[in-house]
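Student: Before I ask anything, let me first share the structure, which is written out below as structure tokens.
The values are calculated or read from the model by the stated rules, or taken from the named source; none is laboratory data. Source: prediction; values computed, not measured. Note: accessible area is taken over every heavy atom of the protein model, side chains too, but ligands, DNA and RNA are not part of it. Shrake-Rupley method; radii C 1.70, N 1.55, O 1.52, S 1.80 Å.
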Amino acid sequence: MTNAAPDGHSDEDAPKGAGAEDGQSAGAGEEAGDRGHGEVVYSRLAIVRSCVMAVVAGVVVVVQTGINSTLSDTFFEGGVEGLHSTFTNFLVGFTGITILAIAHRPRFDDWSLSKAPWYSFLGGPCGVVYIASSILLGKKLGATLYFVLLVTGTLITSTVFDATGFLGLKKQGINQQKIVGVVLLFAGLLLLQDYDSVSNNDLEGWERGVYAVLVLLTGFFLPMQTLLNKTMAATAGTPYRAAVISFGTGLSTAFVVCVVANLAYERTSIGHSTDWWAFTGGLLGMYFVTAATMSVPVIGAMWYFCLQVSSQMTTAFFFDTFAWLSFKETSVTAMRVCGVVVAVLAVLVYSTHSLNLCRKCATGSTVNAPDNDDEQSKQPDVEVSVVDADTVRTE
């Protein structure tokens, strides 16, 4: 993975935060701001890196979808379509992220899972719910309606999480620029879609409504999985270890689902041989899970998923146009091109306000500083320490 970093970062790449009340310097990442008088301010490089990781994650989602579909279509036969390729995806990802986590920090003396809250182990099952939904509900509603509803649920959930500071996430307000950016993102999404998948759908009205509500609820699980993995990282010590737990619990859940599906439905068997790269979807999942765990605490859930969705839409446009992997070829139209342009514009509009944080970081100022000089004079002097932005220090 390209985002793995050594234990020693430069000052530019680390978060800066106010010291704790006991005089100690701020901890790493997202937990430091809660213990001090100020709020954690990340460096410009950390913010830019998180944005780049979100954009790459959007590309990864599209490529992983094509790879998993290829595996499902060519390697497995019978059973509930896609479930066994989902299990294979988690198995490969769990193996890869375990090797990476051990290589990143071989010692385990700072890893105490007994202190982790019970809900932090649910990140993996959240991922299984999302993948199962894309397999089972995507074909019921069609790709267009499914993706619109999924993005709606994801962005609404991300907005609520940012506004409330859910599970220790840094609170971020909502302004006109962000609202305009989200509206433009939806406009680009609607322009990009192939509406034949909706017109050919023969569901009854009440069935469509039930499935639509289920997909909206599925959008809740993507940001939730990220915050649960972030919570686990605070105990596990690194985001890579948190990803190991996420993939491990997800693998166990997928295994149980596959066993139940084999008992209830037609038994799945190994079909034709396939190319080696069809088994690499889990490796891409490693990046997706780890990138979100590392980036959302820095730039917020809403900004992260806006960048990811915009990148995903743009990447899907090219994959559809050239029929790469298992994607169906879709002709280039003026409306689809406008959709890509509008999606990119949406991210630029949304990011305008958020990028002000970079300028504050460059000057070394903190957010939410007191406006009154008298109040500011009462604030004690604090020291700013440089820590590894990729490692969450445990107490």
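Student: Whose amide H sits under 5 Å from the amide H of Arg105, counting only residues 5 or more places off or on another chain, with H placed in the peptide plane?
Tutor: Correct list: empty.
Student: Using a 1.4 angstrom probe and counting only protein chains, how large is the accessible area of Ser246 in Å², to 10?
Tutor: 10
Student: Just the accessible area for Trp111, please: 1.4 Å probe, Å², rounded to the nearest 10?
Tutor: For Trp111, solvent-accessible area is about 60 Å².
Student: Moving on to the next point. Compute, for Leu113, the solvent-accessible surface of its heavy atoms (probe 1.4 Å) with the complete set of protein chains present, and express it in square angstrom to the nearest 10.
Tutor: 60
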